[in-house]
Amino acid sequence: MTFKDLGIAEPILRALQAEGYENPTPIQEQAIPILLKGKDLLGVAQTGTGKTAAFGIPILHHIYNSNSNQQGKRRIKALVVTPTRELAIQIGESFTAYGKFTGIRNTVIFGGVKQGKQVNTLRNGVDILVATPGRLLDLMNQGFISLRDIEYAVLDEADQMLDMGFIHDIKKIIAKLPPKRQSLFFSATMPKTIVELSRKILGDFEQVTIKPQQATAEKVEQGVYFVSKPNKPKLLVHLLQERPNDSVLIFSRTKHGANKIVKKLAQADIRSAAIHGNKSQAARQKALGAFKEGKLKILVATDIAARGIDVEDLALVINYDLPNISETYVHRIGRTGRASASGIALSFCDKEERAYLRDIEKLIRQEVPRMPEHQFIDGDDEDEKTEQRSQRQQNQNQNRNRSRNRNSNYRGDHNKNRNRSGGNRNSN
Ligand code: AMP
């Protein structure tokens, strides 16, 4: 199957060729014909499957075909709502790339920056708007955006939006959409709330499901190292020193953890940067830009900040912490081995994370290969030592507290006595 077989307009075909896309990915092959027919779509798929092009190409195709007789100021005909700024920017870039010979204009709006530039671009007129929910509602409330002319509405990464607390914003946005439209709904997972939400936006729809194990396990080479928490930095430094020229994305469960990793790497003379919610938008964009250009080889990210990261030639993903939500693992390793490439994902697993590993293996229905012994392997010994140390520390603290309590009890009694005698005095 080729893109030409799908019946896509010529200028878009040319752009896809320029991008180096030869064949549609499975989600594109299945979703594009449905969308070209004008039907609604429920896509159960994650980033990394090529889903941006799966919805972007038909939207461009429709707008291109109806644009030829357009006069006057451009109206916003397509809206894509997505949870993070990074993802929004990337979707905007995709529309620009696939639509570069069509004359169709898109813009991206997101919070955390001043609105002036975004408002100016909107005033000049755009055909496609990519937005994060908060800023979109904000500009709608200020009267800068109207959804009146929307013909194509896309809700992207719906489960992530739910996790990030955007559900009410999303409902408000859906309520403002014109009833006659084509709706597209994408989510990597389909918990009950998401199914309910999808019913609110979709009319008569068709569903395409790209299973995570199809998207990842087949293409990404995986491995897990059993390593104690204190040994994780040493193992990380060792692995990075082995491959000085590779672009590596390291995942940390917490913002604080991400900063700590950067610090540990700096101590070993390895340059890296962290992106997470506490960093300014400018700092995040700068780090991401340098990483994409290959000037910065190592990026440390939290899950939410990494949602939109799409880097060509990302050789390696390292899960410094294993995620406690198994789907997150699939999202993470999907950063490497994008659409047509193959990649490697290595995970560090300490004793407390073994249960997470079991859940992940259940989800992806395969065992993550165990990496051969390494010099920092602790196995249980080191873990046990750490545990014994912390147990000893706990016992010491408990003893200290007990004796402190004894003392304070004594003081309490003493005070009580004093009060009592004081009371007596007062009553005298
Ligand atoms: P997405 O899932 O939309 O984030 O896309 C994942 C990556 O796959 C992006 O880097 C796209 O540029 C790339 N991609 C999308 N479709 C194709 C295709 N048909 N052939 C090759 N690469 C693609």
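Every condition in (1) over 23 Å from LEU41 (Cα atoms); (2) surrounded by 20 or more Cβ atoms within 10 Å (Cβ to Cβ) holds for ASN120 except the one numbered (2).
Using the structure shown, decide if MET161 is surrounded by fewer than 21 Cβ atoms within 10 Å (Cβ to Cβ), at negative phi and among the aliphatic types (A, V, I, L, M). Can you show your working first?
Numbers: surrounded by fewer than 21 Cβ atoms within 10 Å (Cβ to Cβ): no; at negative phi: yes; among the aliphatic types (A, V, I, L, M): yes.
Judged against the criteria, MET161 is not a match.
Look at PHE55 and say whether it is farther than 28 Å from ALA283 by Cα and buried (at least 23 other Cβ atoms within 10 Å of the Cβ). Against the criterion (farther than 28 Å from ALA283 by Cα and buried (at least 23 other Cβ atoms within 10 Å of the Cβ)), PHE55 qualifies. Just so you know, in the stretch 18-37 the residues that are away from the ligand (no atom under 11 Å from the Cβ) and not in a loop (DSSP other than H, G, I, E, B) include one that is nearest to the chain's Cα centre (by Cα), and it is ALA31.
Residue selection: ILE59 fails the criterion of being in contact with a His (Cβ under 7 Å, 6 or more places away or on another chain), more than 12 Å from the ligand (Cβ to nearest atom), in the same structural domain as ILE170 (by TED's automatic domain parsing) and part of a helix (DSSP H, G or I). Among the residues in the stretch 202-213, are any more than 24 Å from CYS349 (Cβ to Cβ) and touching a Pro at 6+ places or on another chain (Cβ under 8 Å)? Yes, because at least one residue in the stretch 202-213 is more than 24 Å from CYS349 (Cβ to Cβ) and touching a Pro at 6+ places or on another chain (Cβ under 8 Å). Within this structure, GLU86 fails the test of being surrounded by fewer than 21 Cβ atoms within 10 Å (Cβ to Cβ), in a helix (DSSP H, G or I) and within 12 Å of the ligand (Cβ to nearest atom).
Only a single item in (1) modelled with pLDDT of 95 or more; (2) in a loop (DSSP other than H, G, I, E, B) is not met by GLY72, and it is number (1).
Quick check on the stretch 90-106: of everything there that is among the hydroxyl-bearing types (Ser, Thr, Tyr) and touching a residue at least 60 places away in the same chain (Cβ under 8 Å), which residue is surrounded by the most Cβ atoms within 10 Å (Cβ to Cβ)? So, considering only residues that are among the hydroxyl-bearing types (Ser, Thr, Tyr) and touching a residue at least 60 places away in the same chain (Cβ under 8 Å), the one surrounded by the most Cβ atoms within 10 Å (Cβ to Cβ) is TYR98. The set of residues from the stretch 38-55 being assigned to a helix (DSSP H, G or I) and either within 8 Å of the ligand (Cβ to nearest atom) or at positive phi (or both) comprises LYS51, THR52, ALA53, ALA54.
Would it be correct to say that GLN71 is free of Cβ contacts under 8 Å to residues at least 24 places away in the same chain and more than 9 Å from the ligand (Cβ to nearest atom)? Full working, then the answer.
Details: free of Cβ contacts under 8 Å to residues at least 24 places away in the same chain: yes; more than 9 Å from the ligand (Cβ to nearest atom): yes.
So GLN71 passes the test.
The values are calculated or read from the model by the stated rules, or taken from the named source; none is laboratory data. These numbers come from a predicted model, not from an experiment. With ideal geometry, Cβ positions are generated from the backbone for all residues, glycine too; neighbour counts draw on all protein chains shown.
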